[in-house]
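Enquirer: Pasting a structure here, questions to come.
The values are calculated or read from the model by the stated rules, or taken from the named source; none is laboratory data. Everything quoted here is computed from the prediction, not taken from an experiment. So basically every Cβ, Gly included, is an ideal-geometry build from the backbone, and we count neighbours across all protein chains shown.
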Amino acid sequence: MTKQVQQLDRVIIRFAGDSGDGMQLTGDRFTAETAQFGNDLSTLPNFPAEIRAPAGTLPGVSSFQLHFADHDILTPGDAPNVLVAMNPAALKANIGDLPRGADLIVNTDEFTKRNLQKVGYAESPVDNGSLGEWRVHAVPLTSLTVKALEGFDISKKDAERAKNMFALGLLSWLYHRPTEGTIKFLERKFAKKPDIAKANIAAFQAGWNFGETTESFSVSYEIKPATLAPGLYRNISGNQALAYGLIAASVQSKLPLFLGSYPITPASDILHELSKHKRFGIRTFQAEDEIAGVGAALGAAFGGALGVTTTSGPGVALKAETVGLAVTTELPLIVVDVQRAGPSTGMPTKTEQTDLLMAMYGRNGESPVPIVAPATPSDCFDAAIEAARIAVKYRTPVMLLSDGYLANGSEPWRLPEVDELPDLSVEFTVEPNGEDGETYLPFKRDPQTLARPWAVPGTPGLEHRIGGIEKADGTGDISYDPHNHDLMVRLRQGKIDGIAQDIPPLEVDDPDGDARVLVIGWGSTYGPIAAAVRRARASGGKIAQAHFRHLNPLPANTGEVLRSYDKVLLPEINLGQLALLLRARFLVDIISYNRVRGLPFKAEELAGVIQDVIDSE
Amino acid sequence: MSDIATNGHTAEPIGRGTGLTLIPRATEKQTLKDFKSDQEVRWCPGCGDYAILSAVQGFLPELGLKRENIVFVSGIGCSSRFPYYLNTYGFHSIHGRAPAIATGLAASRPDLSVWVITGDGDALSIGGNHLIHALRRNVNLNILLFNNRIYGLTKGQYSPTSEVGKITKSTPMGSLDKPFNPISLALGAEASFVARTLDSDRKHLTSVLREAAAHRGTSLVEIYQNCNIFNDNAFEALKDPEVRDDITLRLEHGQPIVSGSKAVRRGPDGRLAVVDRAGVPEDEIVVHDAHDPDPSVAFALSRLDEPAFEHVPIGIFRSVDRPAYDTLMSRQLHEAVSDQGAGRLGDLLRGGDTWRVG
């Protein structure tokens, strides 16, 4: 039977199953093959915080969405074109997102009376006609897998477990994905259990062959490679890119990297990644708590290291006091906050942009801290380097605001040339800087940057003491003098404000130059906003777009840009935190669009919002 | 500075007795004056901190280390002002966190002699967690715990070492919570070096500091320190010439544990007991073994001053070999480099599955 092959320009797939079904692995593998094939792609893993919620229940559903295309794309996609539902819970949790006419692949083996009852289905929706608006492919994935693995020397449980590879094989056939990488991956992953490796590979191939032969699928799809900018690419997640950016910052600054960290979702992968790269002289210190993590990083910075701490959610709150100490002792420190849904524990695996005001103001006293936010997973690399640049040059803690969506999401990354990375090298002070040529003034400032000198222990003749008590300008001696305190507060603020002269201006994207409405954003909303802007423009809307990478200080031209449009729209995954800052500072009547669902915005949703604002002109 | 990145110490010493070998030596003879900073000392007149400061300033030249390679890190409290008065590098940090900050510094700079100055409130209340973890981790640093059994800087509330029933500003009817015994706590955390000394006994204080500095790993030195404003004479029994010799049990490695009139022996139930020295045959007096890998006898010794000040062991309870965290950490970096070669950024970025476009 020759099957029809249809060309598509883009597809959104969602794998959904129980936490134990291996959906993240399945998604990762499909992503890797898709990246190898040369499509542009964007991913959205979505999993529960519980390690293993009760099997077959709604809280236990884990999913992985992948958007891939023959052109450059900006988001993991709004709604899937195909949903793979490994059990009734996965179906129930995801069917609401599936548009009419989409493909639905259901593992009918799991639609037992008991499993249906667990999620409140009185009867199987596969059989009662309630799925009529979708193209349902009822496939007994589990039993097909077990049957394909008859004759293998593995337990029935292990055979059943391979059903995700069967599903992956089927989808790989359906979308013409290469298979060699997955086969090699399985050989590597199960190198110590060759029987399991063989079985998984057999299941994967059986899934492929099933697609090829079954009548349930009459069409397969081709999505040509995307025409991306020339270069060498790899697929990368935000957390991995961020870790690599920190390593690059260490190499480029010639400062040894010291990470003090306490495990917390979704930031832990940065600790895991950095701990693998000791050959770069990186010290990773898993501290007893969040406070010790940042404390050790600051202690290392005092000793001349590139001090970094990584955290999320309530961990940021615990670090606040030490960040304040770094502000007043004017030592470089990078505080990575992978934002997650709060307050308190909130929803640890879900994304949010709700720590902006915490980063900005969440300390006692006047304690300004520069804030940098990456826009996409691969941009986490550059943002980490930029955070390090500011920290080292200005001797200040810097908050790097990633989030759960960037951390776990992935996209193709065009690798930078190492010799084009910025030089972050720093000169420690080694000579007295007092006018008498003998004394060392730890708080004598560089007239340009207002940064203080950095003399590290081990430097003869520059022995000095720093601390959290207010310091006299220049000498750094303890001082309670009212005028000195006022001066020091202003100097510390002035130093941070002055960074505005050392960052790029806010760039506006307005192809025709005649838009009257500007949409702005910061951090991970870049993809959905830019995708929405494309849609609005495609349907004739005039819209300008600008995206903030630096939240503190803001680019020097921010006020000018905001004031040159009739309307400024700002979508945020919070209740309007950047809007509050911009309104207060520039008296511009920002139109906020806020949703705090623990999920990224959808492009279609934002396109509608943009259109509404344009139409209201 | 060039070797900080990988710390080229391949044959690093491990454990007791070699805590100073990685720290550069001074070429010229130093004096007490070299270690005085130009800052005015601002403790209350009569404070025990003065005696400790003077003893430390007098003792540091003896170490013969380059002054610039010595760092004092403190938390918050009266004692934590200490670094300002020493002409070394210093970091006056935040309440309770000095052990964490010092850990980051000492772990990344094995060429530094790092000292933590802390008090009973700083180390045992707000910083209790950091203290026990520093002790178990065994980074090469020295923690001097000034114990005056009261909160001084916040003006006289009871502390985690105050005796039960302490009447203070915050406990007008007496404190309710049982105090920590810092020595027991440190031994429970399996600290590799644990000692107790007294602010007024400069000779003993100095001898303990000498051993602490030489110890490779984390040393904890509890220093009984008098707060003459809020808790005066808390340790008077140990200073009063009439009684001190009878209640002070001197711990010296290899020596029988005795005071003027008392001796420590094992009772019929196997427990340590303090008995009249007169009636005990010399060979039944417990001989102190500070290097015993088993901390249980040291722990039993730490319990002998219950009830307080009937008989108080002073000296080094424990000093054992245990790999220092910074040594192990440096070693892993070395192993990584020798196994895989020094890291190259370009190779790292190009690692994993890549594909070329155009």
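Enquirer: Pairs only if they're at least six apart or on different chains, beta carbon under 8 angstrom, first in the range A:146-159 and aromatic (Phe, Trp, Tyr), second in a helix (DSSP H, G or I); list them, first residue then second.
Expert: Close Cβ pairs satisfying both conditions: A:Phe152/A:Ala159; A:Phe152/A:Asp195; A:Phe152/A:Lys198; A:Phe152/A:Ala199; A:Phe152/A:Ala202.
Enquirer: Got a sec? Which of B:Ile52, B:Ile76 is among the hydrophobic types (A, V, I, L, M, F, W, C) and within 12 Å of chain A (Cβ to nearest Cβ)?
Expert: B:Ile76 is the lone residue from the list that is among the hydrophobic types (A, V, I, L, M, F, W, C) and within 12 Å of chain A (Cβ to nearest Cβ).
Enquirer: From B:Ile167, B:Ile223, grab the single residue that is in contact (Cβ under 8 Å) with a residue 24 or more places away in the chain and β-branched (Val, Ile, Thr).
Expert: The match here is B:Ile223.
Enquirer: Can you tell me which residue in the range B:108-136 is farthest from B:Leu63 (Cα to Cα), limited to those that are in contact with a Phe, Trp or Tyr (Cβ under 6 Å, 6 or more places away or on another chain) and buried (at least 24 other Cβ atoms within 10 Å of the Cβ)?
Expert: Filtering first and then ranking leaves B:Gly121.
Enquirer: Looking at (1) farther than 26 Å from A:Ala341 by Cβ; (2) out of contact with any Pro (no Cβ under 7 Å at 6 or more places or on another chain), find the lone condition where A:Arg549 falls short.
Expert: For A:Arg549, the exception is condition (1).
Enquirer: Can I ask one more? With the structure loaded, tell me whether B:Ala134 is part of a helix (DSSP H, G or I), out of contact with any Gly (no Cβ under 7 Å at 6 or more places or on another chain) and either more than 25 Å from B:Asp326 (Cβ to Cβ) or within 14 Å of chain A (Cβ to nearest Cβ) (or both) or whether it fails that test.
Expert: yes
Enquirer: A follow-up question, please. When you go through A:Ala455, A:Ala451 one by one, which is the residue that is touching a helix residue (DSSP H, G or I) at 6+ places or on another chain (Cβ under 9 Å), on the phi < 0 side of the Ramachandran plot and either loosely packed, with under 13 Cβ neighbours inside 10 Å or not assigned by TED's automatic domain parsing to the domain that holds A:Thr396 (or both)?
Expert: Result of the check over A:Ala455, A:Ala451: A:Ala451.
Enquirer: Can I ask one more? When you scan the range B:234-253, do you find a residue that is farther than 18 Å from B:Asp305 by Cα, out of contact with any Leu (no Cβ under 7 Å at 6 or more places or on another chain), in contact (Cβ under 8 Å) with a residue 40 or more places away in the chain and surrounded by fewer than 22 Cβ atoms within 10 Å (Cβ to Cβ), even just one?
Expert: yes
Enquirer: I want to confirm something. Restricting to the range A:218-237 and keeping residues that are polar (S, T, N, Q) and surrounded by 16 or more Cβ atoms within 10 Å (Cβ to Cβ), which single residue is farthest from the other protein chains (Cβ to nearest Cβ)?
Expert: A:Ser237
Enquirer: Specify the residue that is nearest to B:Glu68 (Cα to Cα); the eligible residues are those in the range A:441-479 that are away from every other protein chain (no Cβ under 14 Å) and aliphatic (A, V, I, L, M).
Expert: The selected residue is A:Ala451.
Enquirer: Can you name the residue in the range B:149-207 that is buried (at least 24 other Cβ atoms within 10 Å of the Cβ) and among the aromatic types (Phe, Trp, Tyr) and, of all such residues, is farthest from B:Asp120 (Cα to Cα)?
Expert: By that ranking, first place goes to B:Phe193.
Enquirer: Tell me, yes or no, whether the range A:113-130 has at least one residue that is closer than 30 Å to A:Ala226 by Cβ, out of contact with any His (no Cβ under 9 Å at 6 or more places or on another chain) and of a type outside the set (Ser, Thr, Tyr).
Expert: No, there is no match, as no residue in the range A:113-130 is closer than 30 Å to A:Ala226 by Cβ, out of contact with any His (no Cβ under 9 Å at 6 or more places or on another chain) and of a type outside the set (Ser, Thr, Tyr).
Enquirer: Please specify each residue of the range A:325-352 satisfying the condition of being outside any helix (DSSP H, G or I) and within 11 Å of chain B (Cβ to nearest Cβ).
Expert: Across the range A:325-352, the qualifying residues are A:Leu331, A:Leu333.
Enquirer: Mind telling me which of the residues B:Arg331, B:Arg344, B:Arg322, B:Arg271 ends up being touching a helix residue (DSSP H, G or I) at 6+ places or on another chain (Cβ under 9 Å) and either closer than 30 Å to B:Arg136 by Cα or among the hydrophobic types (A, V, I, L, M, F, W, C) (or both)?
Expert: None of the others qualify; the one that does is B:Arg271.
Enquirer: Show me the helices (runs of 4 or more DSSP H) found entirely inside the range B:282-358 where at least 3 residues are of a type in the set (S, T, N, Q).
Expert: Filter on the range B:282-358 gives B:325-340.
Enquirer: While we're looking at this one, here's another question. Quick check: is even one residue across the range B:294-311 within 14 Å of chain A (Cβ to nearest Cβ) and of a type in the set (Asp, Glu)?
Expert: Checked against the condition, which is being within 14 Å of chain A (Cβ to nearest Cβ) and of a type in the set (Asp, Glu), the range B:294-311 yields no hits at all.
Enquirer: Shifting gears a bit: Return the pair list, or none, for Cβ contacts closer than 6 Å from residues in the range B:334-355 that are closer than 22 Å to A:Asn239 by Cα to residues that are among the hydrophobic types (A, V, I, L, M, F, W, C) and assigned to a loop (DSSP other than H, G, I, E, B), at least 6 apart or on different chains.
Expert: Filtered contacts from the range B:334-355: B:Leu349/A:Leu415.
Enquirer: Another question, if that's okay. Does B:Val312 satisfy the criteria of being within 25 Å of B:Glu222 (Cα to Cα) and of a type in the set (A, V, I, L, M, F, W, C)?
Expert: The answer is yes for B:Val312.
Residues checked against (1) at pLDDT below 95; (2) assigned by TED's automatic domain parsing to the domain that holds A:Thr142; (3) in contact with a Phe, Trp or Tyr (Cβ under 9 Å, 6 or more places away or on another chain); (4) not in a helix (DSSP H, G or I):
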| residue | (1), (2), (3), (4) |
| --- | --- |
| A:Asp158 | yes, yes, yes, no |
| A:Leu171 | no, yes, yes, no |
| A:Gly181 | yes, yes, no, no |
| A:Phe185 | yes, yes, no, no |
| A:Asp195 | yes, yes, yes, no |
| A:Glu212 | yes, yes, yes, no |
| A:Glu215 | yes, yes, no, yes |
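Enquirer: Taking the range A:413-437 on its own, how many of its residues are within 30 Å of A:Gln65 (Cβ to Cβ) and either out of contact with any helix residue (DSSP H, G or I) (no Cβ under 6 Å at 6 or more places or on another chain) or more than 9 Å from chain B (Cβ to nearest Cβ) (or both)?
Expert: The number of residues fulfilling the criteria is 3.
Enquirer: Please report, ordered by residue number, the strands (runs of 3 or more DSSP E) entirely within the range A:256-324 with at least 2 residues that are touching a residue at least 12 places away in the same chain (Cβ under 8 Å) and at the interface with chain B (Cβ under 7 Å from one of its Cβ atoms).
Expert: So the answer is A:257-261, A:283-286.
Enquirer: While we're on this one: Give me the residue from the range A:392-412 that is part of a helix (DSSP H, G or I), within 30 Å of A:Gly324 (Cβ to Cβ) and not small (Gly, Ala, Ser) and, out of that set, farthest from the other protein chains (Cβ to nearest Cβ).
Expert: A:Tyr405
Enquirer: May I pose another question? Name every residue in the range B:86-108 that is within 7 Å of chain A (Cβ to nearest Cβ) and either closer than 20 Å to B:Phe35 by Cβ or at pLDDT below 95 (or both), in order of residue number.
Expert: B:Asn87, B:Thr88, B:Tyr89, B:Gly90, B:Phe91, B:His92, B:Ala102, B:Leu105
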